[in-house]
Amino acid sequence: MESSSSESGADFEQLKKRWTALVKHLKDDPRVARLLNTRLGRYLSSHSFVALTALMFCAMSAVPVGLFVTFAVVTMMISAVGFVFCEAFLLFVGGLALLWVLSGIALFAIVASAVVNVLYVTTFSLLNRYYPHLTKKGVIEGEKTEWETSTETDSKAN
């Protein structure tokens, strides 16, 4: 039992030596030295708990922030593609609506034209049948209408 605790103590000492060498190597780096010479660097050097808290926060928030940024970029791309598809769909629906409206207008024009033609033919036939003197067909040859006689008289007077 005692040999295993002495082994773990030796492992701990070896880990401490490696950790110290790593920290010394980091402090000797010129970029880290420049950061540690700033006001914030000196404050974090003197307040190790705050430095550890800030380091842990930054390290732990990297994954959620990265996931959120990825989500935002993917959402924007899908939104752009979806907008194009949505616009195409709306243009398609609008085109179909325009087609139906124009077809309805054409059908209405045909029906209205047919109704007006039927009314014209019917009215002309009724007038020709019951009031033949109102139409040119109903005038007997050689007989002139009042209007024709008045225009002839006016032309002879000139």
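The values are calculated or read from the model by the stated rules, or taken from the named source; none is laboratory data. Since we're looking at a predicted model, the values are computed, not measured. Here Cβ is always computed from backbone atoms with ideal geometry, including for glycine, and neighbour counts include all displayed protein chains. For accessibility, only protein heavy atoms count, side chains too; no ligands or nucleic acids. Shrake-Rupley method; radii C 1.70, N 1.55, O 1.52, S 1.80 Å.
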Practice item. Please work out, to two decimal places, the log10 of the ratio I(q)/I(0) at q = 0.12, 0.27 Å⁻¹ from a Debye calculation in which every Cα of region 66-120 carries one identical scatterer. Key: -0.53, -0.94
Exercise for review: Report the calculated FRET efficiency for Lys16 and Val50 (r = Cβ-Cβ distance, R0 = 22 Å), to the nearest 0.05.
Suggested key: 0.45
Check your understanding: Per-residue accessible area for Thr75 at 1.4 Å probe radius, Å² rounded to 10?
Key -> 60 Å²
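Placing unit charges on C-beta atoms (Lys and Arg positive, Asp and Glu negative, everything else neutral), compute the dipole magnitude of region 1-93 about its Cα centre in debye, rounded to 20.
Working: 9 positive and 7 negative charges, 120 e Å.
Magnitude of the dipole: close to 580 debye.
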Study note, to complete from the structure: Dimensionless Rg/Rh of region 31-102, both radii on Cα and Rh by Kirkwood, sits at 1.54
Point to revise | With all protein chains modelled, accessible area of Val32 [1.4 Å, Å²] | key: 40 Å²
Revision key, fill the gap. Between the modelled labels at Leu126 and Ala97 (7 Å from Cα along Cα→Cβ) the distance in nm is 4.2 nm
